[in-house]
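Remarks on the structure that follows.
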Ligand code: TGC
Ligand code: FAD
């Protein structure tokens with residue numbers, strides 16, 4: 001896959017091993033089936049235990065059977081999974097960055113022991129429910145409430161767009177704790193067989209079709225106070241998880257674009273029109289040059305972010321800049337790749353249009369492109385556009 005400035009040469013053994021394992025998994029297990037799943041609107045659930053076996057869930061965390069790998073190794077994993085399909089990377093991102101990370105960081109010892117080993121192996125699946133039907137870009141407006149009754153909380157409200165929820169064992173629901181001054185947001189680990197919880201799949205999607213997206217109704221769902229994440233309260237809880245997941249998206253978007261590039265580089269040398277390969281025409285060469293340059297720039301940003309994260313110097317605004325740039329790049333370049341494939345490009349036989357459709361979701365979730373531009377705007381001016 002594209003590595004124009006030789007970034008591979010600087011990878012450590014662990015990073016190369018993770019990259020190769022994920023690449024092999026995508027070649028053998030994702031590529032042969034993913035177009036059918038995309039067409040059918042299904043997620044290949046049989047891959048979940050295999051992903052667990054290969055250590056693809058939260059390998060950048062330590063203890064509880066997790067690998068404690070470098071941030072670059074984790075990024076390369078996300079890159080390779082999304083080269084297969086954004087739905088596969090999403091499944092792993094939600095499991096690792098949005099459910100295992102908060103349990104690992106803010107959970108009690110009992111919560112960690114209950115969930116992390118099983119989620120690491122893929123025996124248990126998690127989902128993250130922050131977004132509500134009326135509160136997407138501004139989750140701080142959430143209405144879902146948790147009312148304390150003795151040693152329990154009673155949760156009431158609605159959540160929308162929760163990846164994995166219909167196949168999950170546990171959903172991390174963010175809700176307002178009405179028993180405390182100011183109704184701070186707290187995280188509740190809700191098992192999906194809880195009474196009063198209704199989980200429905202959202203099937204009418206034209207993007208991220210090989211992924212489970214769900215909506216949730218919580219109608220008096222009772223959870224023990226032992227199922228509340230004790231280590232955090234306020235919006236910092238969910239927003240800090242988003243930083244972890246957005247880091248994975250920064251790499252994943254590059255992977256999707258790399259897959260598009262590989263496809264059209266080969267096509268441009270094979271496909272002949274006017275008696276020669278289309279790659280011999282200046283217009284097509286210009287498209288390949290733009291694509292390779294944009295991807296390489298995005299790779300450099302992802303690699304730099306990994307170094308900052310490893311040193312503990314990565315700020316959420318750094319991640320916003322990288323998501324802003326890399327996802328826009330993948331969205332634009334997947335469209336150019338589709339165009340270079342001519343009519344064949346609109347079929348499921350080639351990956352670029354599938355990636356292009358997926359990028360509409362990736363551009364929107366984990367903070368829309370607009371929201372990341374405003375986060376950067378605030379950082380650059382000191383003035384918040386949100387207030
Ligand atoms: P604000 O007042 O700015 O901050 C509240 C507290 O949170 C801290 N904080 C962060 N910490 C870590 N990482 C971040 N990214 C953080 N952003 C804020 C902040 O320091 C503060 O801490 P403290 O200690 O002072 O209390 O919060 P706000 O409510 O005004 O936030 C504004 C805004 C727009 C930035 C935020 O609401 C936002 O990011 N909105 C976008 C919503 C979003 O991204 N939703 C994603 C839902 S999950 C999803 O899409 C999963 S997709 C599946 C997949 O990944 O594959
Ligand atoms: P809105 O917030 O209503 O935005 C609509 C438009 O207005 C956008 O273009 C936006 O950029 C713009 N806009 C909003 N505010 C401003 C502003 N201040 N200035 C300028 N423009 C603005 N959420 C979860 O909690 N868990 C998940 O697992 C999850 N998975 C998802 C999977 C899929 C397939 C999708 C599509 C979404 C998922 N989400 C998830 C939800 C996702 O994070 C939200 O869709 C996203 O945050 C945007 O919210 P919204 O859709 O309500 O759009």
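Read the figures in this text as sums done on the coordinates, not as results from a lab. What you are looking at is a predicted structure, and each value in this text was computed from that prediction instead of being measured. All Cβ positions, glycine included, derive from the backbone under ideal geometry; neighbour counts span all protein chains shown.
Could you work out the percent of alpha carbon pairs in the stretch 78-152 separated by over 21 Å, rounded to a whole number?
That fraction is 46 percent.
Return, for the Cα atoms of the stretch 203-308, the radius of gyration and Dmax in Å, separated by a comma.
In order Rg, Dmax, the Cα atoms of the stretch 203-308 give 22.3, 72 Å.
Provide Rg over Rh for the stretch 339-387; use the alpha carbon set for both Rg and the Kirkwood Rh (inverse mean inverse pair distance).
Rounded to two decimals, Rg over Rh is 1.28.
Would you kindly work out the equivalent ellipsoid of the stretch 58-97 from its C-alpha gyration tensor and give its semi-axes, the square roots of five times the eigenvalues, largest first in whole Å?
Listed largest to smallest, the semi-axes of the stretch 58-97 are 19, 11, 6 Å.
In nm, give the distance between the simple-model label positions of residue 33 and residue 300, each being 7 Å from the Cα along the Cα-to-Cβ direction.
According to this spin-label approximation, the distance is 4.0 nm.
Could you tell me the largest-minus-smallest coordinate of the C-alpha atoms of the chain on each of the three principal axes, in descending order and whole angstroms?
79, 46, 41
Regarding the stretch 276-379, what whole-number volume in Å³ per residue does the convex hull of its Cα atoms give? Provide the component values of the computation, followed by the final result.
Numbers: hull volume 11.8 nm³, N = 104.
Per residue, the Cα convex hull of the stretch 276-379 comes to 114 Å³.
Among the DSSP beta bridges whose two residues both lie in the stretch 117-226, what percent are antiparallel, rounded to the nearest 5? Walk me through the intermediate numbers first.
Details: 28 of 34 bridges.
So the antiparallel bridges in the stretch 117-226 amount to around 80 percent.
How big is D for the stretch 7-125, in µm² s⁻¹ as a whole number, if Stokes-Einstein is applied with the Kirkwood radius of its Cα pairs at 37 °C and 0.692 mPa s?
Estimated diffusion coefficient is 226 µm²/s.
Using helices alone, I'd like the mean residue ellipticity at 222 nm for the chain: each DSSP H run of four-plus residues gives -39500 (n - 2.57), total over residue count, nearest 500.
Value at 222 nm, helices only, nearest 500: -15500 deg cm²/dmol.
When the scattering of the stretch 270-325 is computed by the Debye formula from its Cα atoms alone, each counted once and equally, what is log10 I(q)/I(0) at q = 0.15, 0.22 Å⁻¹?
Cα-only, vacuum Debye calculation for the stretch 270-325: -0.57, -0.81.
Using the Kirkwood radius over C-alpha pairs as Rh, can you work out the diffusion coefficient of the stretch 70-117 via Stokes-Einstein at 25 °C, viscosity 0.890 mPa s, in µm² per second? Write out the running numbers ahead of the final one.
Values: Rh = 11.6 Å.
Stokes-Einstein gives a translational diffusion coefficient of 212 µm²/s.
Could you calculate the FRET efficiency of residue 53 with residue 201 from 1/(1 + (r/R0)^6), where r is the beta carbon distance between them and R0 is 41 Å, rounded to 0.05?
That gives a FRET efficiency of 0.95.
Determine which residues of the stretch 215-241 fall in the zone a paramagnetic label at residue 179 would reach in this model, i.e. backbone nitrogen under 18 Å from the point 7 Å along Cα→Cβ.
Correct set: 220-234.
Which three extents, in whole angstrom, do the alpha-carbon atoms of the stretch 127-227 cover along their principal axes, largest first?
Largest first, the stretch 127-227 extends 44, 29, 17 Å along its Cα principal axes.
Order these peptides, 168-178, 250-260, by their mean beta-carbon neighbour count within 10 angstrom, highest first.
Values: 168-178: 22.9, 250-260: 30.2.
Descending mean neighbour count gives 250-260, 168-178.
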